Amino acid sequence: MNQHARMDLAPIPFIDVAAQRRRLGRSVDDAIARVTAHCQFLGGPEVEAFERALADFCGARHAVTCASGTDALMLVLMARGIGPGDAVICPSFTFCATAEVVVLLGATPVFADVDEATFNLDPAGVERAVEAARRHGLRPKAVIPVDLFGLPADHDSIAAIAKAHGLYVLDDAAQGFGAVYKGRKLGTLAPATATSFFPAKPLGCYGDGGAILTDDADLVAVLRSLRVHGQGTDKYDNVRIGLTSRLDTIQAAVLIEKLRIFPDEIAARDRAAMRYGEALADVVAVPVVPEGLTSVWAQYTIRLEPGARDGFVARLKAQGVPTAIYYPIPLHRQQAYGTFPVADNGLPVSDRLAAEVISLPMHAYLDDATQDRIAGAVRQALRG
Ligand SMILES: Cc1ncc(COP(=O)(O)O)c(C=O)c1O
């Protein structure tokens, strides 16, 4: 094998966190060193500075940081008093955390189907899920649209349905933070938005972290109490049952540096997505971005013909191209979630997507040559 052929088969990272680390260089090391010098490992000045910067970035009035994206979802539901007998409408085709927090609070997730083109919550499915909740004797209280793979959900339609049924909207923007919906950034489209700083997310930190974005000052006051054991005037004054869920100061310091380059990275991801589209749209179903929306491309997910996925994955693997399946089992089929109600038509789109989707390498540092190699391998793998 000559050197050129060997290079062609070199493994490609699915997400290249190390390339970003190289770009950030000393700025992140210095930011961490400042925290290790001042030693305020929790609640240091970087936390408040990051909360301000994050809120300003998306145009929300407030940001409240916490320990993870899962906690961000949970803290909002806790603040809303969601509990036994309450139904929270969730898409089935999502990461489990969306529904997990509902169950942890003793409430019931009711699963709705997603849209065939965008993979996001189908507004008609939300209506059917509300009916299913009522048939099960539950009180429909909230809906959690997910901005899946980085693409905003159909927020206008969901807001209208939520208004009609008195549902609170909690936007799960763990994958979509930074994306735009009709001129507004996620973080401003629902009364509360949760996001995650898990390292592989478009805006990730160097461990776990999360935040809630909102314009609601009363909610902020309750969230700040809940994240420190339900504290009142101080943490030894407990006015409600809470959690310990703070963003470490070191993570806030890292995120301040990463937020500075985030707009550039979003542009680079979008460019990579456009290039994939140009290279692949004639041979496979590529992602759809509705007019007026942008995606931050947490994943670049294509859809294959039924039954084609296993062979496709194996052929790409042989070429050194990694893939990932988000998500192989929709939540309503999972052992842990299979007993919860689903909208009455079943969830056929979630079932089909789980069997047919596959995600390709996507990150802000994907160079043209590597991407061309991936696209070439995809075209070849599709030919069988
Ligand atoms: C849609 C969605 N919701 C919630 C979460 C939970 O975030 P975290 O891992 O920070 O708890 C994630 C990611 O992990 C996610 O993808």
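The values are calculated or read from the model by the stated rules, or taken from the named source; none is laboratory data. Every value quoted in this text rests on a predicted model; they were computed, and no experiment measured them. With ideal geometry, Cβ positions are generated from the backbone for all residues, glycine too; neighbour counts draw on all protein chains shown. Remember, those area values only see protein heavy atoms, side chains included, never the ligands or the DNA or RNA. Shrake-Rupley method; radii C 1.70, N 1.55, O 1.52, S 1.80 Å.
Per this entry, Val239 is not counted among residues that are more than 23 Å from the chain's Cα centre (by Cα), under 30 Å from Ala375 (Cβ atoms) and either exposed (fewer than 15 other Cβ atoms within 10 Å of the Cβ) or of a type in the set (S, T, N, Q) (or both).
With respect to the conditions (1) surrounded by fewer than 17 Cβ atoms within 10 Å (Cβ to Cβ); (2) part of a helix (DSSP H, G or I); (3) under 25 Å from the mean Cα position of the chain (by Cα); (4) in contact (Cβ under 8 Å) with a residue 12 or more places away in the chain, Pro290 lacks only one, and its number is (2). Of all the numbered requirements in (1) buried (at least 24 other Cβ atoms within 10 Å of the Cβ); (2) more than 16 Å from the ligand (Cβ to nearest atom); (3) assigned to a loop (DSSP other than H, G, I, E, B), Ala117 misses one, and that requirement is (1). Restricting the first member to segment 75-100 and to residues that are part of a loop (DSSP other than H, G, I, E, B) and more than 13 Å from the ligand (Cβ to nearest atom), and the second to residues that are open to solvent by 10 Å² or more (accessible area, probe 1.4 Å) and not basic (Lys, Arg), the beta-carbon pairs closer than 6 Å and six or more apart or on different chains are Arg80/Tyr168; Ile82/Leu105; Gly83/Leu105; Gly83/Gly106; Pro84/Gly106.
Condition check ((1) of a type in the set (A, V, I, L, M); (2) open to solvent by less than 40 Å² (accessible area, probe 1.4 Å); (3) under 30 Å from Tyr181 (Cα atoms)) across all residues:
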{"position": "Val283", "(1), (2), (3)": "yes, no, yes"}
{"position": "Thr294", "(1), (2), (3)": "no, no, yes"}
{"position": "Thr301", "(1), (2), (3)": "no, yes, yes"}
{"position": "Gly320", "(1), (2), (3)": "no, yes, no"}
{"position": "His332", "(1), (2), (3)": "no, yes, yes"}
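Residue by residue, here is whether (1) surrounded by 24 or more Cβ atoms within 10 Å (Cβ to Cβ); (2) within 17 Å of Glu291 (Cβ to Cβ); (3) in contact with a Cys (Cβ under 7 Å, 6 or more places away or on another chain) holds:
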{"position": "Ala129", "(1), (2), (3)": "yes, no, no"}
{"position": "Arg135", "(1), (2), (3)": "no, no, no"}
{"position": "Asp147", "(1), (2), (3)": "yes, yes, no"}
{"position": "Asp172", "(1), (2), (3)": "yes, no, no"}
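Selection of first residues in segment 188-203 that are open to solvent by 10 Å² or more (accessible area, probe 1.4 Å) and of second residues that are in a loop (DSSP other than H, G, I, E, B) and near the ligand (Cβ under 7 Å from one of its atoms), restricted to Cβ pairs under 6 Å at least 6 apart or on distinct chains, gives the following pairs, ordered by first then second residue: Ser196/Ala174. Would you please name the residue that is nearest to Val146 (Cα to Cα), looking only at residues in segment 334-355 that are open to solvent by less than 10 Å² (accessible area, probe 1.4 Å) and touching a strand residue (DSSP E or B) at 6+ places or on another chain (Cβ under 9 Å)? This residue is Ser350.
Among the strands (runs of 3 or more DSSP E) confined wholly to segment 134-205, which include 1 or more residues that are near the ligand (Cβ under 10 Å from one of its atoms) and either within 25 Å of Ala364 (Cβ to Cβ) or in contact with a helix residue (DSSP H, G or I) (Cβ under 9 Å, 6 or more places away or on another chain) (or both)? Walk me through how you get there before you give the answer.
Numbers: elements: 139-143, 168-172, 192-196.
Those strands (runs of 3 or more DSSP E) span 168-172, 192-196.
Taking into account only those residues within segment 356-383 that are in contact with a helix residue (DSSP H, G or I) (Cβ under 7 Å, 6 or more places away or on another chain) and among the small types (Gly, Ala, Ser), which is surrounded by the fewest Cβ atoms within 10 Å (Cβ to Cβ)? Among those that are in contact with a helix residue (DSSP H, G or I) (Cβ under 7 Å, 6 or more places away or on another chain) and among the small types (Gly, Ala, Ser), it is Ala375.
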